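Step one of this worksheet: look at the structure below.
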Amino acid sequence: MADSPDLSVVVTLLNEQASLEELYRRTVSALDGKPFELILVDDGSTDGTWAEVERLHAGDPRVHAVRFKRNFGQHPAMHAGLARARGDIVVTMDGDLQNQPEDIPRLVAAVEAGADVASGRRAARHDSWGRTLPSRLINGMLRRFTGVDIADFGCAFNAYRRNVVDPMLPAIGKQKFTKALILSGGASVVEVDVGHTARSGSSRYSPLRLTRLALHVLAGFWPQPIQWIGVALGVVCSLLAMALGVYGIWYWIDRSDFPGPLLGGVAVLFVLGIQGFILALVGEYLGRIQREVEGRPLYTISEEL
């Protein structure tokens with residue numbers, strides 16, 4: 001379109017009434033003189049976030065907004081923003097000011113210099129170990145499974161060329177790591193250190209949520225995980241059985257008293273634990289298949305400005 005801006009900034013919001021005015025002011029200041037649009041996606045906020053969005057839209061025609069009927073999650077919200085972005089370069093960021101709008105020009109400059117993706121890297125994270133440890137585990141898995149060697153897959157503060165986003169739009173939102181999905185398609189990437197402000201409150205990564213996130217990464221980014229886990233299970237169980245057999249024979253010869261029930265119980269519990277993990281992974285696949293067959297929408301919209 002002739003009136004399309006050079007840059008689209010997509011911001012996902014969830015109960016960000018307190019920080020939205022500052023986010024808008026700092027973003028406008030950082031992009032002073034550059035044609036841009038600001039797309040705000042309200043992911044089912046229950047406070048006064050939408051009223052604040054309406055106020056900003058009424059005062060600035062560059063502000064566009066989408067309101068979900070309920071909370072669908074950050075990545076479906078990001079899809080809604082990316083699908084409506086018109087700029088040649090699209091920046092994504094959270095709305096809670098963990099990301100600093102003043103870093104937007106640096107991300108944009110990295111893309112303008114030739115990269116397809118400028119990946120934000122929180123070089124100095126101000127988070128507790130309860131946040132950083134799960135992040136390191138998931139980042140390590142994604143580096144291994146995608147073959148893309150970057151430090152911070154979890155940072156939502158990134159800049160993309162339009163032509164690497166469009167081919168991935170049908171899949172964005174179904175995966176929990178939009179950046180990993182786009183990079184897995186072969187987009188060139190450069191990492192840019194960005195500022196980071198700690199989010200108040202306890203870590204959102206409970207052991208159960210971390211396990212579910214790990215299963216999502218396996219099912220979404222690792223080819224044929226069930227086959228590989230099946231092979232690993234067979235090898236591990238075979239080696240364990242051999243080791244227990246050798247130990248049992250030695251113990252029986254040395255002491256004439258083979259501890260069969262104890263070692264047998266340990267082996268059974270070990271195998272059952274691995275089978276439980278495989279069952280959870282199969283459940284992740286079946287859930288994805290069910291959603292695809294049913295054709296459920298990623299999100300439903302109650303209002304759009």
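FYI, it's all coordinate maths here, none of it is from the lab. Remember, predicted model here, so these are calculated numbers, not experimental data. Neighbour counts run over all protein chains shown; Cβ positions are idealised from the backbone, glycine included.
Observations, loosely collected:
- Dividing the mean sequence gap of close Cα pairs (under 8 Å, 6+ apart) by how many residues region 7-204 holds gives a relative contact order of 26 percent.
- Cα centroid separation - region 56-128 against region 147-189, whole Å: 13 Å
- Peptides 22-34, 89-101 ranked from most to least packed give 89-101, 22-34, packing being the mean of other C-beta atoms within 10 angstrom over each peptide's residues.
- Each Cα pair under 8 Å and six or more residues apart adds its separation to the average, and for region 42-84 the resulting relative contact order is 50 percent.
- Length gained on full extension, Arg25 to Asp254, computed as 0.36 nm times the residue gap minus the Cα-Cα distance: 74.6 nm.
- Between Gln175 and any residue 5 or more places off or on another chain, the built amide H atoms are never under 5 Å apart.
- Remark: spin-label model distance Ala113-Val282 equals 5.0 nm, labels positioned 7 Å along the Cα→Cβ axis.
- By DSSP, the beta bridges lying fully in region 7-204 are antiparallel in about 20 percent of cases.
- Region 7-204 pair-distance distribution - Cα-Cα, 5 Å bins, rounded %: 1, 8, 16, 21, 22, 17, 10, 3, 1, 0
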